[in-house]
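**Q** Please see the structure below; I have some questions.
The values are calculated or read from the model by the stated rules, or taken from the named source; none is laboratory data. Computed from a prediction, not measured in an experiment: that's the story for all the values here. Cβ: placed from backbone, ideal geometry, glycine included. Neighbour counts: every protein chain shown.
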Amino acid sequence: MNVHDSEQMEALLMKEGFRITDTDKSADLIIVNTCSIREKAEQKVYSILGRYRGLKQARPGMIIGVGGCMAQQKGAELFARAPYIDFVFGTHNIHRLPEIVKDVERNRARRVETCFHDTVYSIGIVTPPHNGSVSSFVTIMQGCNNFCSFCVVPYLRGREESRELKDIVDEITILASHGVKEVTLLGQNVNSYGNTLHNGADFPSLLKKIGDIEGIERIRFTTSHPKDLSDGLIECFATVDKLCEHIHLPVQSGSDSVLKRMNRRYDADDYLRKVNKLREVCPYISISTDFIVGFPGESESDFQKTIDLMEEVRFDNAFSFKYSARPGTAAEKLDDRIPEPVKRERLTRVQELQQIHTVEKNHALKGMVEDILVVGLSKNSHTDVSGRTKTNRIVNFEGERELIGKTVCVSIHNTYIHSLRGKLFEKERNQKC
Ligand code: SAH
Ligand code: SF4
């Protein structure tokens with residue numbers, strides 16, 4: 001989501017005549033887009049800002065702006081920490097970036113823009129596809145109403161708001177006309193898409209409409225809250241051909257008491273039932289997830305339930321985090337904090353087990369033929385191209401640049417933890433969802 005926010009900032013500034021520079025040293029304007037989801041992300045921002053102090057001293061005429069969640073949270077406080085910053089703009093003020101930059105340029109005025117608006121205008125900032133880009137992000141909603149007790153998002157991005165279905169379809173139609181083949185629909189909880197529109201639009205109907213757009217071959221989305229994963233959406237994995245066989249479904253914990261204190265509003269059995277339904281409808285679906293370890297009060301037996309759930313589901317992939325107390329959230333006030341070494345040890349256990357499962361799942365693809373949408377040259381070799389399976393695995397194989405944008409059959413020869421290696425194959429894929 002943050003990557004796409006940066007793309008939107010870039011699109012707005014390009015319209016004003018700005019261009020991306022090769023290095024920050026030659027930039028007239030630097031925008032630091034920040035994240036506050038965990039404390040570690042904040043520390044990273046301070047260290048990046050520290051690097052820019054010297055740049056500003058050497059070229060006082062340059063402008064430095066800070067945007068995103070941390071800008072929303074800290075506002076003018078950031079000036080105290082980094083006095084060489086020129087402006088701070090929050091999550092609802094991305095659309096005002098050109099005007100703010102102009103004001104700072106002209107008046108050398110310091111600006112802080114962190115107020116929330118009833119309409120989140122940035123929802124509709126269309127980012128023109130980069131030349132030759134095959135895959136694009138598209139925002140379908142902003143904000144979140146769920147208030148999971150650990151999470152700052154509802155406080156920093158505001159209440160949930162869905163974008164009009166027609167605007168989304170129009171944007172994707174334009175993307176398709178520029179050669180985009182794959183879209184990833186973005187929202188904190190795409191399953192509740194449409195709730196604020198009051199016109200009958202919902203996420204399954206949006207998927208069907210996008211499925212009809214000529215030129216679009218693949219649809220992905222992120223993120224799905226398990227409590228709102230409806231049977232209607234699960235059915236889409238069987239009925240919307242272009243929908244990729246992958247879902248990111250963050251479970252956070254396998255313990256019902258931890259899930260309750262997290263205010264996630266599902267229990268481990270609900271989650272397992274939904275996983276089973278997904279696999280009934282789409283046997284090859286890959287399922288990834290997020291875990292938080294060391295949530296306040298997480299006992300060893302609670303943690304063991306997370307491990308048990310992992311063994312039962314055998315996720316294809318997972319992101320795991322140590323709980324980080326965030327200011328203003330309900331969980332920040334909970335007692336029974338888990339000591340850092342215990343969190344660290346639990347994180348290692350989750351990551352080691354997930355590694356085994358990911359390697360095992362990838363290994364099962366050895367010898368299979370997969371449909372690969374080629375998105376670019378491989379990072380590690382200029383004789384290789386790179387793409388993804390419908391199940392969201394990266395595949396590298398020898399091939400010409402001309403393959404970019406095409407969907408080809410590739411037989412899988414070697415599998416690693418983060419990617420697969422294959423060979424162009426002329427026959428049809430032998431396994432289909
Ligand atoms: N909207 C998404 C999640 C967005 S945040 C959803 O509901 O799933 C991405 C992930 O960051 C979360 O799934 C969670 O695992 C992690 N996260 C959020 N707040 C956190 C915190 N305070 N400490 C540790 N991890 C956190
Ligand atoms: Fe945060 Fe929960 Fe909303 Fe996701 S659903 S953004 S974790 S409050």
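**Q** Does the stretch 348-383 hold any residues that are surrounded by 12 or more Cβ atoms within 10 Å (Cβ to Cβ), within 24 Å of the chain's Cα centre (by Cα) and part of a loop (DSSP other than H, G, I, E, B), and which are they?
**A** Ser378
**Q** Got a sec? Which of Thr383, Thr415 is at pLDDT 95 or above and not assigned by TED's automatic domain parsing to the domain that holds Cys282? Reasoning before the result, please.
**A** On the way: Thr383 fails: at pLDDT 95 or above.
Selected residue: Thr415, the only one of Thr383, Thr415 that is at pLDDT 95 or above and not assigned by TED's automatic domain parsing to the domain that holds Cys282.
**Q** Any residue in the stretch 111-131 that is part of a helix (DSSP H, G or I) and surrounded by 19 or more Cβ atoms within 10 Å (Cβ to Cβ)? Break it down stepwise before answering.
**A** Residues of the stretch 111-131 that are part of a helix (DSSP H, G or I), as a first pass: 121-124.
If we keep only those that are surrounded by 19 or more Cβ atoms within 10 Å (Cβ to Cβ) as well, we get 122-123.
There is at least one residue in the stretch 111-131 that is part of a helix (DSSP H, G or I) and surrounded by 19 or more Cβ atoms within 10 Å (Cβ to Cβ).
**Q** Is there a residue being away from ligand 2 (no atom under 16 Å from the Cβ), in contact (Cβ under 8 Å) with a residue 24 or more places away in the chain and in contact with a strand residue (DSSP E or B) (Cβ under 6 Å, 6 or more places away or on another chain) anywhere in the stretch 154-162?
**A** Kept after step one, since they are away from ligand 2 (no atom under 16 Å from the Cβ), are these residues of the stretch 154-162: none.
Checking the stretch 154-162: not a single residue is away from ligand 2 (no atom under 16 Å from the Cβ), in contact (Cβ under 8 Å) with a residue 24 or more places away in the chain and in contact with a strand residue (DSSP E or B) (Cβ under 6 Å, 6 or more places away or on another chain).
**Q** Shifting gears a bit: Restricting to the stretch 244-274, give me the number of residues that are closer than 19 Å to Asp316 by Cβ, within 15 Å of ligand 1 (Cβ to nearest atom) and assigned to a helix (DSSP H, G or I).
**A** 2
**Q** Of all residues in the stretch 160-205, which are in contact with a Cys (Cβ under 8 Å, 6 or more places away or on another chain) and under 28 Å from Cys115 (Cα atoms)?
**A** Glu160, Gln188, Asn189
**Q** Just to be sure I understand, how many residues within the stretch 61-85 are part of a helix (DSSP H, G or I) and touching a residue at least 60 places away in the same chain (Cβ under 8 Å)?
**A** Just the residues of the stretch 61-85 that are part of a helix (DSSP H, G or I), to begin with: 69-74, 77-81.
Going one step further and asking which of them are touching a residue at least 60 places away in the same chain (Cβ under 8 Å), we end up with 69, 72-73.
Count: 3.
Residue by residue, here is whether (1) away from ligand 1 (no atom under 16 Å from the Cβ); (2) in a loop (DSSP other than H, G, I, E, B); (3) within 21 Å of the chain's Cα centre (by Cα) holds:
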residue	(1), (2), (3)
Ser149	no, yes, yes
Glu171	yes, no, yes
Leu175	yes, no, yes
Leu207	yes, no, yes
Ile234	yes, no, yes
Phe237	yes, no, yes
Asp241	yes, yes, no
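**Q** Got a number for residues in the stretch 91-101 being in contact (Cβ under 8 Å) with a residue 40 or more places away in the chain and not β-branched (Val, Ile, Thr)?
**A** Step one: of the stretch 91-101, the residues in contact (Cβ under 8 Å) with a residue 40 or more places away in the chain are 91-92, 94-95, 97-98, 101.
From what is left, the residues that are not β-branched (Val, Ile, Thr) are 92, 95, 97-98.
Looking only at that region, the number is 4.
**Q** Select, from Val101, Val169, Val88, Val180, the only residue that is away from ligand 2 (no atom under 16 Å from the Cβ), buried (at least 18 other Cβ atoms within 10 Å of the Cβ) and more than 24 Å from Ser36 (Cβ to Cβ). Break it down stepwise before answering.
**A** Numbers: Val101 fails: more than 24 Å from Ser36 (Cβ to Cβ); Val169 fails: buried (at least 18 other Cβ atoms within 10 Å of the Cβ); Val88 fails: more than 24 Å from Ser36 (Cβ to Cβ).
Criteria check complete, one pass: Val180.
**Q** Do you know which residues across the stretch 187-205 are polar (S, T, N, Q), in contact with a Ser or Thr (Cβ under 8 Å, 6 or more places away or on another chain) and more than 14 Å from ligand 2 (Cβ to nearest atom)?
**A** Of everything in the stretch 187-205, just one residue is polar (S, T, N, Q), in contact with a Ser or Thr (Cβ under 8 Å, 6 or more places away or on another chain) and more than 14 Å from ligand 2 (Cβ to nearest atom), namely Thr196.
**Q** A further question follows. Which one is surrounded by the most Cβ atoms within 10 Å (Cβ to Cβ) among residues in the stretch 295-315 that are in a loop (DSSP other than H, G, I, E, B) and away from ligand 1 (no atom under 16 Å from the Cβ)? Walk me through how you get there before you give the answer.
**A** Quick first cut of the stretch 295-315, residues in a loop (DSSP other than H, G, I, E, B) only: 295-299, 314-315.
Next, only the ones that are away from ligand 1 (no atom under 16 Å from the Cβ) stay: 299, 314.
Values: Ser299: 13, Arg314: 15.
Of everything passing the filter in the stretch 295-315, Arg314 is surrounded by the most Cβ atoms within 10 Å (Cβ to Cβ).
**Q** Can you tell which of Phe147, Phe116 is among the aromatic types (Phe, Trp, Tyr), over 17 Å from Ile168 (Cα atoms) and touching a His at 6+ places or on another chain (Cβ under 8 Å)? Show your work before the answer.
**A** Numbers: Phe147 fails: touching a His at 6+ places or on another chain (Cβ under 8 Å).
One residue alone meets the criteria, Phe116.
**Q** Taking only the stretch 151-169 into account, find how many residues are in contact with a Lys or Arg (Cβ under 9 Å, 6 or more places away or on another chain) and within 11 Å of ligand 1 (Cβ to nearest atom).
**A** Here the count works out to 2.
**Q** Checking the conditions here, which among Cys151, Cys144 is within 16 Å of ligand 2 (Cβ to nearest atom) and over 18 Å from His4 (Cα atoms)? Don't jump to the end; show me each part of the working.
**A** Values: Cys144 fails: over 18 Å from His4 (Cα atoms).
Every option except Cys151 fails the conditions.
**Q** What residue, among those in the stretch 1-40 that are in a loop (DSSP other than H, G, I, E, B) and among the acidic types (Asp, Glu), is surrounded by the fewest Cβ atoms within 10 Å (Cβ to Cβ)? Give the steps one after another, and end with the answer.
**A** Applying the first criterion (in a loop (DSSP other than H, G, I, E, B)) to the stretch 1-40 yields 1, 16-23, 27-28, 35-38.
Pick out the ones that are also among the acidic types (Asp, Glu) and you get 16, 22, 28.
Details: Glu16: 12, Asp22: 7, Asp28: 13.
For the stretch 1-40, the residue satisfying everything is Asp22.
**Q** While we're looking at this one, here's another question. Could we say that Ile292 is surrounded by 15 or more Cβ atoms within 10 Å (Cβ to Cβ), hydrophobic (A, V, I, L, M, F, W, C), at negative phi and within 16 Å of ligand 1 (Cβ to nearest atom) here? Spell out how you get there, then give the answer.
**A** On the way: surrounded by 15 or more Cβ atoms within 10 Å (Cβ to Cβ): yes; hydrophobic (A, V, I, L, M, F, W, C): yes; at negative phi: yes; within 16 Å of ligand 1 (Cβ to nearest atom): yes.
So Ile292 passes the test.
**Q** Still on this structure, I have one more. Here is a list: Asn191, Asn199. Which entry is in the same structural domain as Leu272 (by TED's automatic domain parsing) and either among the basic types (Lys, Arg) or in a loop (DSSP other than H, G, I, E, B) (or both)? Can you show your working first?
**A** Values: Asn191 fails: either among the basic types (Lys, Arg) or in a loop (DSSP other than H, G, I, E, B) (or both).
Among Asn191, Asn199, only Asn199 is in the same structural domain as Leu272 (by TED's automatic domain parsing) and either among the basic types (Lys, Arg) or in a loop (DSSP other than H, G, I, E, B) (or both).
**Q** Any residue that is in a loop (DSSP other than H, G, I, E, B) and surrounded by fewer than 16 Cβ atoms within 10 Å (Cβ to Cβ) - is there at least one of those in the stretch 51-60? Let's see the steps before the verdict.
**A** Step one: list which residues in the stretch 51-60 are in a loop (DSSP other than H, G, I, E, B), which gives 59-60.
Next, only the ones that are surrounded by fewer than 16 Cβ atoms within 10 Å (Cβ to Cβ) stay: 59-60.
Yes; the residues of the stretch 51-60 include at least one that is in a loop (DSSP other than H, G, I, E, B) and surrounded by fewer than 16 Cβ atoms within 10 Å (Cβ to Cβ).
**Q** Now for a separate question. Would you check if Arg337 is among the basic types (Lys, Arg), in a helix (DSSP H, G or I) and either modelled with pLDDT of 95 or more or crowded, with 19+ Cβ neighbours inside 10 Å (or both)?
**A** Values: among the basic types (Lys, Arg): yes; in a helix (DSSP H, G or I): no; either modelled with pLDDT of 95 or more or crowded, with 19+ Cβ neighbours inside 10 Å (or both): yes.
No; evaluated as a whole, the condition is false for this residue.
**Q** Please work out which residue is surrounded by the fewest Cβ atoms within 10 Å (Cβ to Cβ), limiting yourself to the stretch 221-232 and to residues that are within 16 Å of ligand 2 (Cβ to nearest atom) and part of a helix (DSSP H, G or I). It would help to see each step written out before you state the result.
**A** Of all residues in the stretch 221-232, those within 16 Å of ligand 2 (Cβ to nearest atom) come to 221-230.
Add one more test, that the residue is part of a helix (DSSP H, G or I), and what stays is 226-228.
On the way: Pro226: 23, Lys227: 15, Asp228: 17.
Taking the candidates together, the pick is Lys227.
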